[in-house]
């Protein structure tokens with residue numbers, strides 16, 4: 001294996017209404033694809049309701065890439081009828097293989113130092129997430145380690161995680177700050193994310209999450225910490241252009257709905273787009289707040305009420321579900337994905353990678369979504385690609401295999417998409433292509 005740095009699908013023809021169309025140089029072509037999942041945008045962007053199961057597949061498919069862009073999507077016969085590879089064209093035969101868009105992981109927390117493997121035994125003994133937090137574990141333990149870590153250590157940790165994520169097929173991801181919880185260390189965390197985006201082939205999108213928890217020095221003074229976030233952190237993050245989004249952990253005992261609204265409204269004034277962790281442990285009516293603020297996406301949603309779901313449908317907010325989290329917390333309840341789909345809310349999936357829920361694999365998240373939230377394999381794949389791209393407002397560039405989009409693709413060593421949850425717990429990737437380059441190759 002090597003990791004190297006580095007509108008609807010249409011079938012381009014060389015002639016268009018009698019006029020010669022310049023033939024692009026073909027740098028890489030994939031041919032004889034058993035199942036080419038295009039995620040054709042004619043089924044909606046984002047997909048919702050029954051259209052979440054529409055993959056727009058092509059059999060004996062082909063994709064052609066020039067530079068970092070897709071220039072042809074169609075059948076193998078159509079490709080060779082209209083294009084001639086040159087001596088430098090890389091040709092990949094994907095007979096009996098599946099090709100999909102690169103995974104988009106829209107909710108992670110990879111900027112941290114330290115481990116929390118000892119908490120597994122606490123969970124096995126019946127301790128809840130909030131009980132572990134109150135005992136000095138959880139987020140606050142990671143905060144202590146992250147504050148001590150240098151910028152270089154955070155970057156080094158992040159690169160190891162990004163390498164593994166890419167090996168499992170992720171080509172674009174979002175990461176949050178939130179383990180610094182003071183001005184200096186929140187900025188340090190976002191600088192690490194920015195550096196990772198520049199130095200790693202993965203596209204890394206940053207979110208400011210200063211309101212992830214209340215730091216020990218502000219215990220019992222949450223409103224004062226909220227003022228610090230609003231008066232110092234948000235202006236500095238915006239001034240230094242360190243994040244696209246602002247997120248808040250809205251949960252009982254963490255940040256209230258009132259505090260969350262105050263933080264996000266302040267962030268929006270500085271041009272940061274809102275996201276919210278909502279209704280993970282109890283129903284705080286966070287979904288209603290997400291709809292009121294027109295949040296781009298929400299995370300968790302295990303306990304969201306019907307009124308909030310109806311409001312989210314009107315607001316066009318993406319419901320990003322994180323089945324790895326209740327799995328790691330050994331919870332009985334998962335987000336009510338079927339109900340959310342019935343309400344017409346588009347669903348995305350994410351790993352929620354963090355020291356409490358550590359997986360780099362969107363493949364295992366797809367499996368958990370099917371087995372525990374009753375998504376079909378097609379719905380889960382949609383949620384991990386085009387809808388996940390929408391959760392980051394990147395759907396014009398990524399999330400589907402369409403002419404003009406970035407050439408971010410996965411070649412799987414399985415014949416069709418049903419294998420992704422069926423053959424779980426192993427890496428099914430054969431190759432990963434990022435920006436038109438082969439960055440992972442297991443063949």
Segment residue 42-residue 396, extension gain: residue separation times 0.36 nm, minus the distance between their alpha carbons:
126.1 nm
Length gain on complete extension for the stretch residue 258 to residue 183, per 0.36 nm per residue less the alpha carbon to alpha carbon distance?
24.8 nm
Pull out the extension gain between residue 81 and residue 59, defined as 0.36 nm times the separation in residues minus the alpha carbon to alpha carbon distance; nm, one decimal.
6.3 nm
List the residues of the range 253-292 whose backbone N lies under 12 Å from a point placed 7 Å from the Cα of residue 305 along the Cα-to-Cβ direction.
283-289
Rank the residues 54, 251, 184 as a footprinting-exposure proxy: fewest other Cβ atoms within 10 Å of their Cβ go first.
184, 54, 251
Value at 222 nm in deg cm²/dmol, rounded to 500, when DSSP H runs of n ≥ 4 in the chain each add -39,500 (n - 2.57)
-9500 deg cm²/dmol
So if R0 is 56 Å, what FRET efficiency would residue 232 and residue 338 give, r being the distance between their Cβ atoms, rounded to the nearest 0.05?
0.85
Paramagnetic label zone (point 7 Å from Cα along Cα-to-C-beta, residue 292; backbone N under 16 Å) in the range 217-258
248-252, 255-258
So, with points 7 Å from each Cα along the Cβ direction, the residue 240-residue 96 label distance in nm works out to 5.3
Within 10 Å of each residue's Cβ, count the other Cβ atoms and sort 442, 72, 112 from fewest upward.
442, 72, 112
Distance in nm between label sites at residue 128 and residue 89, each 7 Å beyond Cα in the beta-carbon direction?
6.1
Where q = 0.07, 0.09, 0.12 Å⁻¹, what log10 of I(q)/I(0) comes from the Debye formula for the chain, counting one point per Cα?
-0.33, -0.55, -0.96
Which of 385, 100, 89 comes first, and how do the rest follow, when ranked by fewest Cβ neighbours within 10 Å?
89, 100, 385
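Read-outs: derived from the displayed coordinates by stated rules, not from any lab. As the structure is a computational prediction, the values presented were derived from the model and not from experiment. Glycine gets a Cβ as well: all are built from the backbone with ideal geometry, and neighbour counts include every protein chain shown.
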